[in-house]
């Protein structure tokens, strides 16, 4: 029995989010409209992160770590423009950004977030 462990949006393969012991763990978030450029996809991903964190009772100011997977490093500057407009002033979390082949070729970015409740 998983006392205190809550999963959200559970599917056959994965859950979008788990909350346990005051910590929120998000699955990798990708754009729902992959036809957009890196700015559009990044904005979609950040909006989904905001939505999931709110559902868990927290927000982006409580992010403990963000891991970013980007298909093309040429998009790094544009990703950072959108990120810089979104991140909570004075609460920029630790972050890692790596170039990676993503599961679908149309995806330009995927983010994995861990946050405190």
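Bear in mind these aren't lab numbers, they're just calculated from the coordinates by the rules spelled out. Keep in mind the model is a prediction, meaning the values are calculated, not measured. We place every Cβ from the backbone using ideal geometry, glycine too, and count neighbours over all the protein chains shown.
Compute the long axis of helix 76-86 from its Cα atoms, compare it with the longest principal axis of the Cα atoms of the chain, and write down the angle in degrees, 0 to 90, nearest 10. Between the helix axis and the principal axis of the chain, the angle is about 50 degrees. Legend: calculated FRET efficiency, residue 103 to residue 21, from the Cβ-Cβ distance at R0 = 25 Å, rounded to 0.05, equals 0.30. Against the longest alpha carbon principal axis of the chain, how many degrees, from 0 to 90 and to the nearest 10, is the axis of helix 38-55 turned? Around 10 degrees separate the two axes.
Computing P(r) over Cα pairs in 10 Å bins from 0, in percent directly from the structure and comparing it against (i) 13, 31, 26, 16, 9, 4, 1; (ii) 14, 47, 32, 8, 1; (iii) 15, 54, 30, 1 singles out (ii).
Extension gain, residue 65 to residue 37, is 7.6 nm, computed as 0.36 nm per intervening residue step minus the present C-alpha separation. The helix-based estimate of mean residue ellipticity at 222 nm for the chain, built from -39,500 (n - 2.57) per DSSP H run of four or more residues and divided by its residue count, is -8000 deg cm²/dmol to the nearest 500. Extension gain for the segment residue 50 to residue 77, taken as residue separation times 0.36 nm less the Cα-Cα distance, is 7.6 nm to one decimal.
Among beta bridges identified by DSSP and lying wholly in the chain, the antiparallel ones come to about 80 percent. Spatially, the stretch 1-51 and the stretch 88-117 are offset by 11 Å when compared through their Cα centroids. Take the Cα of residue 5, go 7 Å toward its beta carbon, and the backbone nitrogen atoms of the stretch 25-42 under 19 Å from that spot belong to 25-28. Report note on the peptides 75-86, 35-46: ranked by the mean count of other C-beta atoms within 10 Å, highest first, their order is 35-46, 75-86. Build a GNM of the chain with springs between Cα atoms under 10 Å apart, and of 54, 31, 103 the one that fluctuates most is 103.
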